[in-house]
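The values are calculated or read from the model by the stated rules, or taken from the named source; none is laboratory data. Quantities reported herein were computed from a predicted structural model and do not represent experimental measurements. Here the Cβ is made from the backbone with ideal geometry for all residues, glycine too, and neighbour counts use every protein chain on show. Each accessible area value is taken on the protein alone, full model and side chains, heavy atoms only, with ligands, DNA and RNA left out. Shrake-Rupley method; radii C 1.70, N 1.55, O 1.52, S 1.80 Å.
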Amino acid sequence: MLDLYLKFKEIKKMGYIKSWNNRSSSAGITFEKMLGKEQDELFLPDYKGIEIKTKKGYSKSKITLFSANPDSMYLYALKGLVETYGVDKKRFTTELSSLVKHRYNGYYFQIFVDWKNKRVVLLIFDKSYKLISDEIYWTFELLEERINLKLKKLALVKCCTKRKNNIEYYWYYRINFYKNIDFLKFLKAIENGIITIRFKIGTFLSGPRIGEIHNHGIDFAILESDLKEIYEPVFKD
């Protein structure tokens, strides 16, 4: 953590840095470029065993901890969500928790922590609240494996933004470190609605893959203020 902290201090002193690109994720990509890291799709921590999350200081949005497809009938499950329960049979985009049955496109959805069978389950109900499906789930084994591989240590980098000539610039002004994520607390956070699951699944609307499932991510997300519920805070600057 010390090495990343010292790197951060150097980047902070540089003031506003030109965005690497104009995508929504450019704040994180730009920071990683300043660390000398190339963008990749590997499910590994970003920098020397530390997962880095970058957040604009004014943003109230949740932090994506990681993405994970259900390990129950993966392709069939996503296809079924879109074609059976999705809007116009083309997209299934919603955020779900364990606290309420969330209405989406005429059905109700809820997350359930099944301690007996050791899985986190997506429950689907009809308009009369009758359970019609509990076949989509994530095993504890899968989730714990993802956490241990990617999230044992976490750094949250905060930044300010400004625009000039339609180009965004970032000033990275704060870094918070967290360690020792607790898997039991992680599951409790799902059960208590602190961690939600966001679905961003659609279909290709053109091109050679038209009609095929396009999975933009199934994300486990948490508010910055709730990170202390699953992590041990280290320090911030």
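Observations, loosely collected:
- The single condition among (1) of a type in the set (D, E, K, R); (2) closer than 23 Å to SER97 by Cα; (3) modelled with pLDDT of 95 or more that LYS158 does not meet is (2).
- Residues of the stretch 125-167 that turn out to be without any contact (Cβ under 8 Å) to a residue 60 or more places away in the chain and among the charged types (D, E, K, R), as a count: 9
- Single residue of LEU149, LEU227 found to be of a type in the set (A, V, I, L, M, F, W, C), over 24 Å from ASN117 (Cβ atoms) and within 17 Å of the chain's Cα centre (by Cα): LEU227
- Qualifying residue in the stretch 129-141 (condition: under 21 Å from PHE220 (Cα atoms), among the basic types (Lys, Arg) and surrounded by fewer than 18 Cβ atoms within 10 Å (Cβ to Cβ)): no
- Scanning the stretch 133-155 for residues that are in contact with a strand residue (DSSP E or B) (Cβ under 6 Å, 6 or more places away or on another chain) and either among the aliphatic types (A, V, I, L, M) or more than 30 Å from LEU96 (Cβ to Cβ) (or both) returns ILE136, LEU151, LEU154, ALA155.
- Number of residues in the stretch 63-90 that are free of Cβ contacts under 8 Å to residues at least 60 places away in the same chain, surrounded by 15 or more Cβ atoms within 10 Å (Cβ to Cβ) and β-branched (Val, Ile, Thr) equals 0.
- Where helices (runs of 4 or more DSSP H) fall entirely within the stretch 1-83, those with at least 1 residues that are within 30 Å of GLU145 (Cβ to Cβ), in contact with a strand residue (DSSP E or B) (Cβ under 6 Å, 6 or more places away or on another chain) and modelled with pLDDT under 90 are at 74-80.
- Search result, residues across the stretch 157-192 that are aliphatic (A, V, I, L, M) and surrounded by fewer than 19 Cβ atoms within 10 Å (Cβ to Cβ): ILE167, LEU184
- Any hit, the stretch 212-234, residues being touching a residue at least 60 places away in the same chain (Cβ under 8 Å), more than 26 Å from GLY80 (Cα to Cα), surrounded by 17 or more Cβ atoms within 10 Å (Cβ to Cβ) and of a type in the set (A, V, I, L, M, F, W, C): yes
- Residue list for the stretch 106-120, filter: loosely packed, with under 15 Cβ neighbours inside 10 Å and farther than 19 Å from ASP71 by Cα: GLY106
- The criterion of being open to solvent by 50 Å² or more (accessible area, probe 1.4 Å), closer than 24 Å to ASN192 by Cα and touching a residue at least 12 places away in the same chain (Cβ under 8 Å) holds for THR93.
- Cβ-Cβ under 8 Å pairs, at least 6 apart or on other chains, the stretch 26-44 side over 22 Å from LYS9 (Cα atoms), far side modelled with pLDDT of 85 or more: PHE43/PHE66; PHE43/ARG146; PHE43/LEU149; PHE43/LYS150; LEU44/LEU149; LEU44/LYS150
- Residue in the stretch 143-151 that is open to solvent by less than 40 Å² (accessible area, probe 1.4 Å) and part of a loop (DSSP other than H, G, I, E, B) present: yes
- Qualifying residue in the stretch 182-199 (condition: aromatic (Phe, Trp, Tyr) and over 20 Å from LYS101 (Cβ atoms)): yes
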